[in-house]
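Structure first, then comments.
Derivation of every value follows stated rules applied to the coordinates shown; laboratory data play no part. Computed from a predicted model, the values in this text were never measured in an experiment. Cβ: placed from backbone, ideal geometry, glycine included. Neighbour counts: every protein chain shown.
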């Protein structure tokens, strides 16, 4: 008997040290983050509905928050999160249909998702401000 065999090195699983971050990988992470943001935004919508049904004092407190600078930033972020998550869902739907898997196509979809969500968010807010007026 010749003793114990030499231990074989364990294979390394690919991890962040192996992969080069890509735009598609980053958008996958952002899609999950915007999903969590939408969950928190749903709590804001519930607060708005509860305040509206609770009377003028509760509604005034809620309106005071949403008309403040921080409240407007939260609403703007919620709008962007909703639009960006929607574009990510459309991108995944196209992939589920079997299209858009080429390297160039993935980059185009990723850039379109980013630019589209920013543009549409600004457009929605501009139309809202023009329709209602600044407060």
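Computed quantities for the displayed model
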quantity: Identity of the residue in segment 65-78, assigned to a helix (DSSP H, G or I) and touching a residue at least 40 places away in the same chain (Cβ under 8 Å), that ends up surrounded by the most Cβ atoms within 10 Å (Cβ to Cβ); calculated: 78
quantity: Among the residues listed as 81, 113, 117, the single one being in a helix (DSSP H, G or I) and touching a residue at least 60 places away in the same chain (Cβ under 8 Å); calculated: 113
